[in-house]
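> Handing you a structure now.
The values are calculated or read from the model by the stated rules, or taken from the named source; none is laboratory data. Every value quoted in this text rests on a predicted model; they were computed, and no experiment measured them. With ideal geometry, Cβ positions are generated from the backbone for all residues, glycine too; neighbour counts draw on all protein chains shown. Heavy atoms of the whole protein, side chains included, go into the accessibility calculation; ligands, DNA and RNA do not. Shrake-Rupley method; radii C 1.70, N 1.55, O 1.52, S 1.80 Å.
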Amino acid sequence: MATTLESELTYQSHDGGKTWTRELFGFEQQIASMAANSTSDGFGAYTAGMSIVLPRILSKETMQEYVTSVWISLRRVVPTAALKSRGVDRDPSKFIYEYTVPSDGDEALQWANDTILWIDEKMTLHDREVDLYNNYWSPTTGHYVTDLVICPSSESKTKWNVLFHSLHSALDGRGSLQMFDIFVRFLNDLVCKGATPPSVSENWGEETKRLLPCVSLLVIRQLGLPLETLLPKPPIALEPAAQATPDGAPPLPFLRPFSVVDESPENIQNCKDVCLTVEQTLKLRKACRAHGYTVTQFLVALKAVTEVEWVMRFPQDDPEDQRLEAIRIYRESSIFPTAWNLVDQRYKLKDYTSHSSEHSSPSFAADGCALVLSMDAMRAVVKFDEATRKVETKPEHFWDTAVAESKKQWTSCDLSLNAYVTREVERREASKEFNGASYMVPALLSTSLGELEALDIATRFSESIPSEDPERILIEEFGIAIRTPTTLKTLLFWQWNNRLTIRVTTGAKWTTNDGIVAYNNIFERWINDVY
């Protein structure tokens with residue numbers, strides 16, 4: 001059974017090397033289940049974008065020639081960009097990736113034409129991303145997993161927006177940023193160094209060596225674990241006393257009461273950014289170091305504190321019964337759940353840390369865990385007076401209560417590769433009973449992509465990194481988003497050009513544009529209050 005599973009999770013060809021397939025496993029399978037489920041409305045569809053500045057104006061025709069060449073060259077390095085995904089009729093929880101080797105240059109060009117979406121309308125990167133949020137597809141349909149979207153910016157004739165619009169199961173945050181690095185490196189060679197576009201016809205098939213098994217197989221091989229590690233474990237029968245809390249009831253979580261605020265919103269979700277200045281970013285990092293915390297620990301605490309204050313200020317003209325329920329939950333809740341806190345495991349894979357490396361890297365290597373914070377820590381910094389219905393904040397207690405609690409919970413989360421594989425097996429089993437209604441919970445989900453220059457991602461194209469090149473393409477900004485058409489809030493954090501960006505996204509049916517603006521205003525005020 002284990003040997004069969006290994007075969008299923010490794011790319012195999014049964015037609016002489018033309019078509020290669022493997023089955024999804026773990027987190028990638030769970031995310032595909034989200035996207036395929038009729039009740040989740042495409043939750044988790046992924047968009048990664050960048051705004052690039054060229055050293056001179058290029059015509060659309062020249063840009064099209066260059067981008068087509070670069071996209072095909074990138075496919076040779078990252079062949080998973082050209083995957084298709086399919087469902088399995090006999091088992092709706094199973095999904096297949098399929099890669100087809102081009103027979104010649106014409107087939108490679110046809111793939112590029114099928115997946116490059118040229119849009120003439122000029123927009124900012126953020127507006128283009130918002131426009132794409134309403135589009136998604138099911139992983140069961142045989143659609144290519146990634147579209148490349150190219151459009152001119154409305155801000156400058158030398159600026160272009162480049163976006164990967166993808167199934168999240170086939171492209172994670174760090175992986176997409178590595179692909180951007182490769183994309184701009186190839187484009188820079190053409191634009192700034194006068195390189196000749198390579199042939200699109202030669203050596204197809206060599207790229208299949210870079211089609212890796214699912215990440216769990218790579219991990220158990222690295223750790224020397226048996227294949228049986230990936231088989232489901234029998235459930236553990238708990239003693240009756242272990243199934244209940246001391247008072248016989250589960251802890252009450254702080255989850256805001258909600259109702260529909262817009263039955264038919266123009267956009268499926270509202271998305272707003274908090275963009276710190278260089279000075280604000282440096283001050284924040286200095287403050288975190290001074291207090292002995294990481295920026296991620298700080299941000300997880302801050303998203304929770306902001307949510308509590310936001311809810312208790314009743315930002316959406318909440319009806320009275322909803323306000324009374326919020327007051328009760330604030331008073332009686334004992335925990336603040338943060339549903340998913342995503343982290344990257346790619347950097348731990350010795351031979352597979354980067355798409356640019358000799359052996360490439362998995363298409364998806366994200367991990368995550370739920371963190372449950374104490375509501376006592378939240379109430380210590382966000383006070384609510386039931387008599388006056390006024391909120392009072394205590395920034396002086398923020399570091400020693402809220403951030404300390406965040407660090408405590410992060411420290412308790414086992415992020416080792418062994419624990420990662422265990423969670424992957426559990427996610428495979430969870431995918432078999434996926435229920436889209438479980439994502440209609442007003443909890444928080446977040447991922448910190450990190451300080452990109454420090455991760456050596458696209459550093460040669462960062463304005464903050466000096467270069468001796470006479471000219472180069474610059475990446476002015478990045479934008480990352482996860483389709484969230486539900487009551488969940490997703491928060492994504494990343495730093496580029498010495499500026500930290502916090503992106504907040506949630507379903508527009510339950511949170512108004514003014515509501516998300518109010519959340520972000522509270523978030524940024526807290527940053528300024530606790531330096």
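> Which whole-angstrom value gives the distance between the alpha carbon centres of the stretch 411-435 and the stretch 67-90?
Taking the Cα centre of each part, the stretch 411-435 and the stretch 67-90 sit 27 Å apart.
> Expected output is a single nm value to one decimal: the length gained when fully extending between S464 and K193, i.e. 0.36 nm times separation in residues minus the C-alpha distance. What is it?
Extra length available between S464 and K193 comes to 95.4 nm.
> How much FRET efficiency would the formula 1/(1 + (r/R0)^6) give for T277 and E155, where r is the Cβ-Cβ distance and R0 is 22 Å, rounded to 0.05? Show your work: numbers first, answer last.
Working: r = 19 Å, r/R0 = 0.84.
Between T277 and E155 the formula returns 0.75.
> With the crude spin-label approximation of a point 7 Å out along Cα→Cβ, what separation in nm comes out for Q12 versus C413?
3.6 nm
> Starting from the Cα of K348, draw a straight line to each of the aspartates and glutamates and keep only those under 13 Å, dropping any in the same chain fewer than 8 residues away.
Correct list for K348: D367.
> Starting from the Cα of S201, step 7 Å along the direction of its Cβ; do the same at S357; then give the gap between the two resulting points in nm.
3.6 nm
> Still on this structure: Expressed in whole Å with the largest first, what are the equivalent ellipsoid semi-axes of the stretch 74-202 derived from the C-alpha gyration tensor as the square root of 5 times each eigenvalue? All intermediate terms of the calculation are to be shown ahead of the outcome.
On the way: eigenvalues 141, 86, 32 Å².
Square roots of five times the eigenvalues give 27, 21, 13 Å.
> May I pose another question? At a probe size of 1.4 Å, how large is the accessible area of H359, to the nearest 10 Å²?
For H359, the solvent-accessible surface is approximately 80 Å².
> Within 10 Å of each candidate Cβ there may be at most 15 other Cβ atoms; applying that plus a DSSP loop requirement, which GluC sites (Glu not before Pro) in the stretch 406-436 survive?
When the GluC sites (Glu not before Pro) of the stretch 406-436 are filtered for loop state and at most 15 Cβ neighbours within 10 Å, E433 remain.
> Can you give the three extents of the C-alpha atoms in the stretch 217-366 along their principal axes, from longest to shortest, in whole Å?
59, 55, 43
> For the stretch 1-116, what does the alpha-carbon gyration tensor say about shape, rounded, prolate or oblate, given a ≥ b ≥ c as the root eigenvalues, a/c under 1.5 as rounded, and a/b over b/c as prolate?
Oblate, since a/c reaches 1.5 and b/c is not below a/b.
> Shifting gears a bit: How large is the Kirkwood hydrodynamic radius of the stretch 135-186, counting all unique pairs of alpha carbons, in Å? Can you show the working numbers first?
Numbers: mean 1/r = 0.0794 Å⁻¹.
By the Kirkwood definition, the hydrodynamic radius is 12.6 Å.
> Would you rank E309, E61, E358 by solvent-accessible area, highest first, keeping every protein chain in place and using a 1.4 Å probe?
E358, E61, E309
> If you don't mind, there's one more thing I want to ask. Need the full-extension length gain, A249 to L227, defined as separation in residues times 0.36 nm minus the C-alpha distance. One decimal, nm.
Working: separation 22, 0.36 × 22 = 7.92 nm, distance 3.94 nm.
Separation in residues times 0.36 nm, less the Cα-Cα distance, equals 4.0 nm.
> Right, another one. Averaging sequence separations of C-alpha pairs under 8 Å and six or more residues apart, then dividing by the length of the chain, give the relative contact order as a whole percent.
23 percent
> Per-residue HN-Hα couplings for the stretch 313-319, Karplus 6.51 cos²θ - 1.76 cosθ + 1.60 at θ = phi - 60°, whole Hz, x for Gly and Pro?
Each residue of the stretch 313-319 in turn: 8, 6, x, 10, 6, 4, x Hz.
> OK, next. Which aspartates and glutamates have a Cα less than 16 Å from the Cα of K350, not counting those fewer than 8 places away in the same chain?
Leaving aside aspartates and glutamates fewer than 8 places away in the same chain, those within reach of K350 are E358.
> Would you list, by chain and number, the lysines whose Cα falls below 19 Å from the Cα of K159, excluding same-chain residues fewer than 8 positions away?
K60, K122, K193
> Please identify the trypsin sites (Lys or Arg not before Pro) of the stretch 111-201 that satisfy two criteria: DSSP loop assignment and at most 15 other Cβ atoms within 10 Å. Which are they?
Listed in order of number, the matching sites are K157, K193.
> Among H355, H291, what's the order by accessible area (1.4 angstrom probe), most exposed first?
H291, H355
> Tell me the accessible surface of V517 in square angstrom (1.4 angstrom probe, heavy atoms of protein chains only), to the nearest ten.
50 Å²
> Efficiency by 1/(1 + (r/R0)^6): what FRET value for T208 and D89, r their Cβ-Cβ distance, R0 = 25 Å, to the nearest 0.05?
Once the sixth-power term is evaluated, E becomes 0.45.
> Over 23 Å apart: what share of the alpha carbon pairs of the stretch 405-531 falls there, rounded to a whole percent?
Everything past 23 Å amounts to 55 percent.
> Calculated FRET efficiency, L455 and K350, Cβ-Cβ r, R0 22 Å, to nearest 0.05?
Approximately 0.85, to the nearest 0.05.
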